[in-house]
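The values are calculated or read from the model by the stated rules, or taken from the named source; none is laboratory data. Please read all numbers here as calculations on a predicted model, not as lab measurements. No Cβ is skipped: glycine too gets one built from the backbone with ideal geometry, and neighbour counts run over all protein chains shown. Each accessible area value is taken on the protein alone, full model and side chains, heavy atoms only, with ligands, DNA and RNA left out. Shrake-Rupley method; radii C 1.70, N 1.55, O 1.52, S 1.80 Å.
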Amino acid sequence: MRRCTMLPIAMVIAVLLASAIGLTVAVSAPIQLGEGVHLVGDGDLFQSMSPGVDAKVERPQKLDPLRPIIAPSFPWEGTMHMYGSVVQVSPTDLRVYYACNVSARRRFANSTDGGSAACVATSADGGDTWVKPLTQSMWPYRNYSKTNMVFGTDDGWFDSMLLLPDGMVAVGIPPGSRFLMAFDNSHTDPVKRALQLAVSPDGYAFTTLDPPPPLGGSFADTSVSLAFDPYTRDFIAFGREDGAPDQHPGFRCGDFGGTTPTNYNMKSVRAVKRAVSPSDAATGEPSLTNFSANKSLPLAFAFDRLDPQCLDVYNSAAVVVAPHGGTSAYERAYLAFPSTYLHYGEEENNGVVDVRFAFSRDGVQFRYVGGDRRAYVPRGFGAGQSLASEGLQPSLFDQPDDGVPARWDSGLTYMYRGIVNHPASGTQTMFYFGQQGSHGHQEATTRGQFGIGRVSMIKDRWIGLGADALTPILSPSNDTNGTAAALSLTTLPVALPRCANASAQLQMWINAEVGVGGNLTVALIGGAATALPGFDHSDCIGIVGNRLAAPVRFRRAGAVGNRTGDLGPPARGTPQVLIDLRLQPPVRIFAWKFSCA
């Protein structure tokens, strides 16, 4: 069983200070790099960065701004809901699982929230066209014997879906299971919504796992996000914390903006907490049965004093990125898309919801990148419906915005779990739920004004490290003469991957955007704080252009084309190096990877 090695706190502080002022700090144990993709993150892999270098969140582009790609079309979809996941089973089998039939399945008089079902839509072309497979199942609807409902919770909610690695053997999971579902059922706890799990070999017929994880009431309220960490081999569940500390004591939600009539003192706010089921101590196999019964679970994400009172960190939608199996701690990263919900009037549980972006290398503590709290997926143009009853700018709601009708997702956005890769185009897509109605008025939203949309981004471009502006070098005549100061980023000490075949070449590839006039070079710094012979910046052939995987090449007499990208000799002969990146802006670096060939 592999575990992430944590740096001592004094070392962490030293590295952070060095990063702030541009100094170099020696770390005794090098970080072992793997052959896979390493996201640069928010700078946690670097011990020094020049002033002027920053981390910036790369935002996606909406693909369906005018209408949702998946919209309600059957009676049981009259109330779709915010919870959902996208699962890429194969290049020709893409599925979106989403909560549906929210109000119609309310079977019990003492229901706390009403039940929901899990519906599925499928795409064979990567997400451009969708069908809703109608199957004869145990979930009919009125006079419909066939529906696209694959699971029902009677008196709870479908939360999220996780695709398990093919062939996974795990304690507590029946052999052959590929789909792991999180849901809740109020009958588990008559007052709260506790987490339950179900599995399926095909994603259509599910079996509930008993007993449920002992995580306590309300953990599954507001959509649990499941993850499997291939590095630690742990299962993680991100759920709800109702008792996060109130950062603004004495403030009343009704005072927000001075316009709402509510006189509600919000004593606590909702946050995201993290539960872990470690791998089996005896066999090392992943286990779904080791979730702790300790209700004092650590917070992974919460609002702080920079956020206004009456704001919930409502859901994490966390995912793990480990494209090549996570053989190194820096080959994986946790990306969170927390839904932040600002309450305008507690008597109707009403307000607007945005999606933000947060980063964590290990999934324990998430942080905003450079303090950036802008919406990762902004709500559409226009003012969301139904907030006029709260006394908030009633003349604007349900009205065109500068003559433009309100978009279908103008009231609320909520990210679905999962990432879809498109290798042929070098892009990735994610899915989100949107509606014109505000949070307190989902069921009041009429059909056609809510649904599921997509956003697209370039592969692995979550966070970019670099600089967009030039820092001039002034000559005596105060003329830059076409030159600008180069900036640098230097990693912590790392051990390069070693190819299993000693005769293979170790190659490095960089995902970067280098604008016109910019340049990027790489050097390997050895133990004497000098570049290894033949691997200095002056030897490196500069990288220019917008590149998904630009090869790092060095001038070498006698090599093919008088250049080489083989990093095998320093990998085999040097226990640790510093990778030094020299940037001539405008440059943004997003990731790199190694490969043996």
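Of the residues making up region 131-180, those that are in contact with an Asp or Glu (Cβ under 7 Å, 6 or more places away or on another chain), in a strand (DSSP E or B) and within 25 Å of Val420 (Cα to Cα) number 2. Only one of the listed residues (Ala523, Ala549, Ala591) is under 25 Å from Asp468 (Cβ atoms), within 33 Å of the chain's Cα centre (by Cα), open to solvent by 30 Å² or more (accessible area, probe 1.4 Å) and not aromatic (Phe, Trp, Tyr). That residue is Ala549. Reported count of residues in region 195-223, each being open to solvent by less than 10 Å² (accessible area, probe 1.4 Å) and modelled with pLDDT of 90 or more, is 5. Evaluating Asp312 against the criteria (1) in contact with an Asp or Glu (Cβ under 9 Å, 6 or more places away or on another chain); (2) closer than 23 Å to Thr222 by Cα; (3) open to solvent by less than 10 Å² (accessible area, probe 1.4 Å) leaves one unmet condition, (1).
Name the residues in region 60-73 that are surrounded by fewer than 17 Cβ atoms within 10 Å (Cβ to Cβ) and not hydroxyl-bearing (Ser, Thr, Tyr), would you?
First, the residues of region 60-73 that are surrounded by fewer than 17 Cβ atoms within 10 Å (Cβ to Cβ): 61, 63, 65-67, 73.
Passing the criteria: Gln61, Leu63, Pro65, Leu66, Arg67.
Within the set Leu567, Leu583, the sole residue that is surrounded by 17 or more Cβ atoms within 10 Å (Cβ to Cβ), of a type outside the set (Ser, Thr, Tyr) and more than 21 Å from Glu513 (Cα to Cα) turns out to be Leu567.
Yes/no per residue for (1) open to solvent by less than 30 Å² (accessible area, probe 1.4 Å); (2) assigned to a strand (DSSP E or B); (3) at pLDDT 75 or above:
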site: Gln428; (1), (2), (3): yes, yes, yes
site: Phe433; (1), (2), (3): yes, yes, yes
site: Ala444; (1), (2), (3): no, no, no
site: Val455; (1), (2), (3): yes, yes, yes
site: Ser477; (1), (2), (3): no, no, no
site: Leu489; (1), (2), (3): yes, yes, yes
site: Cys499; (1), (2), (3): yes, no, yes
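Considering Leu578, Leu548, Leu524, the condition of being in contact (Cβ under 8 Å) with a residue 60 or more places away in the chain, over 24 Å from Glu58 (Cβ atoms) and part of a strand (DSSP E or B) is satisfied by Leu578 alone. Of a type in the set (D, E, K, R), out of contact with any strand residue (DSSP E or B) (no Cβ under 8 Å at 6 or more places or on another chain) and either assigned to a loop (DSSP other than H, G, I, E, B) or without any contact (Cβ under 8 Å) to a residue 60 or more places away in the chain (or both), is that true of Asp202? Judged against the criteria, Asp202 is not a match.
Against the numbered list (1) open to solvent by less than 30 Å² (accessible area, probe 1.4 Å); (2) within 22 Å of the chain's Cα centre (by Cα); (3) closer than 17 Å to Gly84 by Cα, Leu163 comes up short only at (1). When the residues of region 380-396 are filtered to those that are in a loop (DSSP other than H, G, I, E, B), at pLDDT below 60 and over 22 Å from Phe431 (Cβ atoms), the one that is most open to solvent (accessible area, probe 1.4 Å) is Gln393. A single member of Phe256, Phe303, Phe291 is at pLDDT 90 or above and not acidic (Asp, Glu), and it is Phe291.
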